[in-house]
Amino acid sequence: MNKLVPLEELASFVPPGSLVGLGGAWLSNHPMAALRQLIRDGVGDLHLAETMGSMDIDMMIGAGLVSKVTFSMVSLEAFGLAPHFRRAGQDATIEITELTGLALNTAFEAGSRNIPFLPLASLGLSDIPDRQPEWYAKIDDPFTGIDLLAVKALRPDVALLHVRRANARGDCQYDGPMAIDPEMSRSARKVVVTCEEIVSDDVIEANPHMTKIPGFLVDAVIEAPFGAHPLTHVPVYGLDAWELRDYAAAAADPSTWQAYLTQLRSESEAEYRERVLPPDRRRVVRNLARAATTLDEATA
Amino acid sequence: MTYRIDELMICRIAREVDASGVTVLGSFTPLAYASYMLAKMTHAPDAPLIGYNAIGMRPIELNLTSAEAAAYRGAAAHWTFIENTQTVHLGGRGLVECVSPAQMDGTGAFNTSVIGPYERPKVRLPGGTGSPEVVQNYEKIIAYFGSHTTRGLVEKVDFATGGRFPVSADARRKRGLLVGPVWIITPLGVLIKDSDEEGFRIESLHPGVDVAAVVENTGFELGVPDDIPETTVPTDEQLELLRNHIDPFGTSQFDFMDARSRAAYVDDILAREWARAEAMPDA
């Protein structure tokens, strides 16, 4: 079964108003090419859900396409607070649902098991469970009576994930970090993956232990080289920190941000790669993925 | 050798890391990362370390562009974040975790969510990732601050993203939780809380710091024992490892800078990382 579709058809899987689960974590593996396409197509009123977001969520808020975010962290780390997320939170322009990280993971897990909730140990002094009664409820362990928290299941309408390689059936492999992508793929009602490269079934079957998402969970496969750029996709490329820094600078000011958005909307994904990744930059970010020696190697 | 204050704090945190439990690199806490690498390179080579869900990672150089790639090279296993956190965080195998909150109060509640009222905050902060669960479940919890002021160490946090309760050993055992204290480490000293009946007390003062400075710059009531030891200073070996191998770009100084100096510092680090990657031969 051939599930290959061009990036330009992504929007047909993500109707406006969708609850979209985003793959990746921190500054790695977010489905950036897919999000750039949603920006080109202006798919809005989205509810984004993700445990550890960064530029992905921030860029979508900045593009005006987000009405709600369910998250446990959104940060650009060394590159500062996420500017659009910060402003949207301060001005209450979008609905912000902050959950604790492992509870959010647990919510995806409950979704993947098709049950309404899963229990989690109590959370000490955290104000978050009381603040989010739609997501947490106090329950007693039916066997011992100890107090626990029930966390409600979360099932995204669609999960957008970026993987190292996939075949036309949608079998997906990772060589590096995979955040909670495999679990999210099981909780989502639809799964669309972008991948660094499309490969034949033989390539997948030569290393089946690397297949973390089987094709029967996947609805569409899109080839998108540098699909996590400017974030990392280890071991193919490290962080394009120069582009991320430029993003943070552009996002800090409304006029520079409009120019950034206009540029993104005016070009195809291939044109984006040509513009942002000239040969020297492309070479550097690839080298970064293998530049880092471990210290026992360095000091041996 | 003369040391910087962040280096002293790194060495103090490193002491808590050993092979009795698993230590995980949390969200962007460079000072903590340096501590874990230092422990691995000195007294605790067998301490199991997890970074970015690379299980059993080797000690790595800290930088802004490729630390994650290094963690994945030579790791014993690649797990998902859920496999990792179920096993370590929820499974009662977590040893040391550091948090770097905007605020902490005398109950041990910490805030990485908002400054000001929750619904319309003055500053919307990133949020806590899994820190509320981690702080509740790990053995030893360390909150570190780049400055010791009543703005960070407050009477009551604006919002409790998380906070350990119970803290007392008996109460934790009864709930099946690992037993250990909560520390606060700042440029002035080390504070510790190990029971629910009492607040934080001063555990040690860094060289040259007097009690009054700590009490005055702490927004909550502090226990002051009669006899307070001095925090151990870094050895030459530790400083050599930190400066030449673990953190040659000085990322651990991030937590001690304001936003503007941090941006200039990032530019400088990136120029050096670019030059190094550009000079590499092609694969």
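Read-outs: derived from the displayed coordinates by stated rules, not from any lab. Keep in mind that this is a model prediction, so the values were computed, not measured. Cβ: placed from backbone, ideal geometry, glycine included. Neighbour counts: every protein chain shown.
Worth a mention:
- Separation of the stretch A:218-261 and the stretch A:142-208, taken as the distance between their Cα centroids, equals 21 angstrom.
- Neighbourhood net charge (14 Å Cβ-Cβ; Lys/Arg +1, Asp/Glu -1) for residue A:92: +2
- Fully extending the segment from residue A:205 to residue A:141 would add 18.7 nm, taking 0.36 nm per residue of separation and subtracting the current Cα-Cα distance.
- For residue A:139, nonlocal amide neighbours, meaning residues 5 or more places apart or on other chains whose placed amide H falls under 5 Å from its own, are A:148, A:149, A:150.
- Panel order for A:85, B:165, B:256, by other beta carbons found within 10 Å of each beta carbon, from fewest to most: B:256, B:165, A:85.
- Alpha-carbon centroids, the stretch B:67-120 and the stretch A:54-79: separation in whole Å: 19 Å
- Computed from Cα positions, the angle between helix A:101-112 and the longest principal axis of chain A comes to roughly 90 degrees.
- Net charge of neighbours whose Cβ lies under 9 Å from the Cβ of residue A:229, counting Lys and Arg as +1 and Asp and Glu as -1: -1
- Straight Cα distances below 16 angstrom link residue A:3 to the aspartates and glutamates A:171, A:196, A:197, A:201, A:219, A:223, with same-chain residues fewer than 8 positions distant left out.
- Rounded to 5, percent antiparallel among DSSP beta bridges of chain A: 35 percent
- Cα centroid separation, the stretch A:1-40 to the stretch B:240-256 (Å): 38 Å
- Expected-Rg normalisation [2.2 N^0.38 Å, Cα atoms] applied to chain A: 1.01
- Residue A:259-residue B:232 pseudo-label distance in nm [points 7 Å out on the Cα-to-Cβ vector]: 5.4 nm
- In order through the stretch B:210-216: 3J(HN,Hα) via Karplus (6.51 cos²θ - 1.76 cosθ + 1.60), integer Hz, x for Gly, Pro: 9, 3, 4, 4, 5, 4, 5
- Taking a straight Cα-Cα cut-off under 20 Å and skipping sequence neighbours fewer than 8 places away in the same chain, the aspartates and glutamates within cross-link reach of residue A:68 are A:41, A:45, A:50, A:56, A:58, A:91, A:95, A:98, A:130, A:134, A:157, B:119.
- Total formal charge among the other residues, if their Cβ is under 14 angstrom from that of residue A:9, Lys/Arg +1 and Asp/Glu -1: -2
- Total lysine pairs under 22 Å (Cα atoms) in chain B, excluding pairs fewer than 8 apart on one chain: 6
- Residue exposure sequence - A:39, A:139, B:246 - by fewest surrounding Cβ within 10 Å: A:139, A:39, B:246
- Restriction of the trypsin sites (Lys or Arg not before Pro) in the stretch B:128-202 to DSSP coil positions whose beta-carbon has at most 15 other beta-carbons within 10 angstrom yields B:151, B:156, B:175.
- The chymotrypsin sites (Phe, Trp or Tyr not before Pro) found in the stretch A:111-205 that occupy coil by DSSP, while having at most 13 further C-beta atoms within 10 Å, are A:143.
- For A:210, B:41, order by how many other beta-carbon atoms lie within 10 Å, fewest first: A:210, B:41
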